[in-house]
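Down below is the structure, laid out as structure tokens.
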Amino acid sequence: TKDPAAKAVKVIDIELTQEEYAFGVDKTQPELLSQVNAFIAKIKGDGTFDEICNKYFGDGTPTAVKSAALNPSKDQLVVATNAAFEPFEYTVGEDFYGVDMEIAALLAEKLGKELVVNHMDFDAVCLSVGQQKCDIAMAGLTVNESRKEVVNFSKSYYNAYQKLIVKADDTTFD
């Protein structure tokens, strides 16, 4: 049998990329942007954000998020997403899960609105907000200049880094 240690790996502590994730808000809704920024500050300050992250990066249990049907006669928060970026957003059956989806549910509750999650192609997420078809884009969005043309970004809520993983006995990066 092979040595089990030969299968071990290590992370090289060099950040190859650094991306800030934020939510893209409809430019015609500056009040919503203020509310979102205040909400991000609140959940990061009171531990709620860490609790949500623990459900996906730690030992917590994810919470299912239900989407209401779109109904213009109701007071709704319409979220554009592409639910194919686990652990930030994904589906199990009809339910949505993920860091962003749990934040969306709490945000809608805080705003006193019914949550509608509009799952679409990733390339359409910011465009749908820019065209006022949705209120906010929540899809593990990296802040960049081309997206800033169609949405106003909230304050960043998550920093993502890419690092190398090599075999434990690899000394190339030592």
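Quick notes on this structure:
- Shape box of the chain [Cα atoms, principal axes, largest first, Å]: 66, 34, 33
- Neighbourhood charge, 15 Å Cβ-Cβ cut-off, centred on residue 10 and excluding it, Lys, Arg +1 and Asp, Glu -1: -1
- Within the accessible area of the chain (1.4 Å probe), percent carbon and sulfur: 50
- Probe 1.4 Å, accessible area per residue of the chain, Å²: 57
- FRET efficiency estimate (nearest 0.05) - Cβ-Cβ, residue 74 to residue 17, R0 45 angstrom: 0.65
- 25 Å Cα-Cα reach of residue 110 towards lysines, excluding residues that sit fewer than 8 places from it in its own chain: 27, 42, 44, 55, 66, 74, 133, 155
- With Cα atoms defining each centre, segment 1-61 and segment 107-174 are spaced 10 Å apart in the structure.
- P(r) tail for segment 23-62: Cα pairs beyond 16 Å make up 49% of the total.
- Dipole axis of the chain (+1 Lys, Arg; -1 Asp, Glu on Cβ), positive-most option in 107, 172, 57: 107
- Compared with the alpha-carbon gap, the fully stretched path from residue 160 to residue 38 is longer by 41.8 nm at 0.36 nm per residue.
- Placing +1 on the Cβ of every Lys and Arg and -1 on the Cβ of every Asp and Glu, with nothing else charged, gives the chain a dipole about its Cα centre of roughly 200 debye.
The values are calculated or read from the model by the stated rules, or taken from the named source; none is laboratory data. If you're wondering where the values come from, they're calculated on a predicted model, not measured in any experiment. Positions of Cβ are backbone-derived with ideal geometry, glycine not excepted, and every protein chain shown enters the neighbour counts. Accessible surface areas use protein heavy atoms only, side chains included; no ligands, DNA or RNA. Shrake-Rupley method; radii C 1.70, N 1.55, O 1.52, S 1.80 Å.
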